[in-house]
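For reference, the structure is listed below as structure tokens.
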Ligand code: ADP
Ligand code: MG
């Protein structure tokens, strides 16, 4: 037999066979199991436009040969030249391209994708060829109409008879042109009449110039072909035709011309977006068909996302509540007191002049000096040890501490060192048990009678182990002169106007005092700092809650992986069909990744909705809830990422399947 050598001149092109097999061998097994040689040196040449039948008994190696011819499988040894090009040199993407551009497969078992309609099954090869959706649909519709299935476009395979399914499969084989139709026992599963119809179709296609390779064990079926090749035990034993170039019909461009488009076709990257939409649509259908299983899987993700949202909302809500409560108790206050290292007055280094200077610092709204100490207070014959606080008239306002009855003293009282007192709630009870109205009565402090003009409302708080309601409040100057004999304050409260600037203001006060005193004989603190500590505790709680929620998201991800692995197992056959119709590994990878991502997107959306619902329900029960958009977006993107990450392994497993192995899989 003469073989043209590729590329040795234009005249050589004429004699190049479409398909050329040289001493093809295929062995199975080896290693543990004994090796079986299924094809034992098959050499064969097929020209464009031939109608060839390969006949042989069951087990003679016909299907194996067809898989090799269709580039679904590689021979163990020997050469396969397609239009003069050695197929062994092609990478998986190029093989996928060749399968979808050159071949159309028709199988005994139809091999349609059960979840897709007739139209979608037919259109599938064009999806991988990158044809726009509208063109795909019109071409698939035309093909199905031509094959008498115009009324069955939207039927799924299980709604069609065997003959109809096989016609759908033939339409699919023609979708990308069907230059070479490889039909493996196409009538094997059909009744006589449907079988005859299918054979008539193949004959018609052959007369239109398609190259047909028909594989059958049935000699009468084989008679329809123009050339019959007999195969027995993996060897060709007879060949009626021999190479007989046929140039009738409307055979498209020559095989070589097809190969010229290969580099470009293989590299096709356009329309990724429409691929994804297509994959998402297919994924959605699969999810819908398995909706019970899918929703069980989704439970993990839904719970994860919902709990992240709710936990963080509770965390933020609680934090906000803490801040609000602290705000009521003076988050705008600075405290400054002396430290006993002054050479002048130990423990009383801050002077009244210092207070005035502090009042001038920007952002200081109030200066409230305090002289404090424990003293015995007498009412009638009742002696009570209590806490005396000499302070300014602004105290109820600054510390948001209203009176229960009577009035607070005024600035005038303070200036005039008036002997007036306001009793704390507990002090009033201790001093005057059984007396309804303490107002207008006198108490003795250091033998000075003080007129009671008011009673503070109950604070109900403790400072250390001292009850904050157990005190007697008097004007600052009165306390200094008439009780403690000491005009300098024990400590001073500074209220700032803008809480946001409180740290800067504290610094400014410290700088001022340092300048005035030359040494740091004072100490300042601010309530916002203790608030910040509280908030930090709350925040670490929130982080912990969020971590727990994240773990459930992780568990959800494992669920997704599990269901995807199952899906890949169940749909091995489908993966094989897709590969046979030209899907590249990356198309399969993308499809399964899209599927797992879609699963988790649906889970994420459901999780967000449920999280919000639970949150709003909790608000009704007065649980502090503050939804955070960041948390919602974060949880959602985590779930999507979960789908991508955990879907990757199953998707790669699917993409890595060998086409023949996948096709024969369950
Ligand atoms: P035919 O299609 O002519 O009935 P096949 O090509 O399907 O025959 O199979 C030919 C022989 O190869 C059979 O004996 C079969 O058992 C064997 N065979 C096919 N596929 C495999 C495989 N994957 N591993 C081992 N043996 C195989
Ligand atoms: Mg077979």
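The values are calculated or read from the model by the stated rules, or taken from the named source; none is laboratory data. None of these values were measured; they are calculated from a predicted model. Positions of Cβ are backbone-derived with ideal geometry, glycine not excepted, and every protein chain shown enters the neighbour counts.
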Find the residue count for the range 552-574, including only residues that are crowded, with 23+ Cβ neighbours inside 10 Å and more than 15 Å from residue 593 (Cα to Cα).
3
Selection count, the range 28-56, where residues are part of a loop (DSSP other than H, G, I, E, B) and touching a strand residue (DSSP E or B) at 6+ places or on another chain (Cβ under 7 Å)
4
For residues that are near ligand 1 (Cβ under 10 Å from one of its atoms) and at pLDDT below 90, scanning just the range 31-59, find the one that is nearest to residue 223 (Cα to Cα).
36
Strands (runs of 3 or more DSSP E) contained in the range 362-415 and holding at least 1 residues free of Cβ contacts under 8 Å to residues at least 24 places away in the same chain:
364-379, 382-391
Selection count where residues are farther than 13 Å from residue 111 by Cα, touching a helix residue (DSSP H, G or I) at 6+ places or on another chain (Cβ under 6 Å) and away from ligand 1 (no atom under 16 Å from the Cβ), scope the range 170-187
6
Here are some residues: 108, 165, 151, 159. Which one is closer than 26 Å to residue 73 by Cβ and at pLDDT 90 or above?
165
Between a first residue in the range 180-204 that is without any contact (Cβ under 8 Å) to a residue 12 or more places away in the chain and within 17 Å of residue 220 (Cβ to Cβ) and a second residue that is in a loop (DSSP other than H, G, I, E, B) and away from ligand 2 (no atom under 16 Å from the Cβ), which pairs have beta carbons less than 9 Å apart while being 6 or more apart in sequence or on different chains?
200/224
Reported set for the range 225-241 where residues are at positive phi and surrounded by fewer than 19 Cβ atoms within 10 Å (Cβ to Cβ) is 233
Please determine whether any residue of the range 188-203 is closer than 24 Å to residue 660 by Cα and within 16 Å of ligand 1 (Cβ to nearest atom).
yes
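Within the range 217-224, is there a residue that is surrounded by fewer than 21 Cβ atoms within 10 Å (Cβ to Cβ) and under 52 Å from the mean Cα position of the chain (by Cα)?
No, there is no match, as no residue in the range 217-224 is surrounded by fewer than 21 Cβ atoms within 10 Å (Cβ to Cβ) and under 52 Å from the mean Cα position of the chain (by Cα).
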All conditions in (1) more than 29 Å from residue 40 (Cα to Cα); (2) within 16 Å of ligand 1 (Cβ to nearest atom) are true of residue 230 except (1)
Pair list, Cβ under 6 Å, 6 or more apart: the range 30-42 residue farther than 16 Å from residue 68 by Cβ, other residue near ligand 1 (Cβ under 10 Å from one of its atoms) and modelled with pLDDT under 85
35/29
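Here's a check for you: in the range 206-216, which residue that is within 49 Å of the chain's Cα centre (by Cα) and not in a loop (DSSP other than H, G, I, E, B) is nearest to ligand 1 (Cβ to nearest atom)? First the steps, then the outcome.
Taking the range 206-216 and keeping what is within 49 Å of the chain's Cα centre (by Cα), we get 210-215.
Subsequent filtering for residues that are not in a loop (DSSP other than H, G, I, E, B) retains 211-215.
Details: 211: 20, 212: 17, 213: 13, 214: 13, 215: 7 Å.
Here the residue is 215.
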All but one of (1) surrounded by fewer than 23 Cβ atoms within 10 Å (Cβ to Cβ); (2) more than 15 Å from ligand 2 (Cβ to nearest atom); (3) outside any helix (DSSP H, G or I) hold for residue 164, so report the exception by its number.
(3)
Restrict the check to the range 625-635 and report whether at least one residue is surrounded by fewer than 16 Cβ atoms within 10 Å (Cβ to Cβ), within 12 Å of the chain's Cα centre (by Cα) and in a helix (DSSP H, G or I).
yes
In the range 63-72, which residue that is under 25 Å from residue 84 (Cβ atoms) and within 13 Å of ligand 1 (Cβ to nearest atom) is surrounded by the most Cβ atoms within 10 Å (Cβ to Cβ)?
65
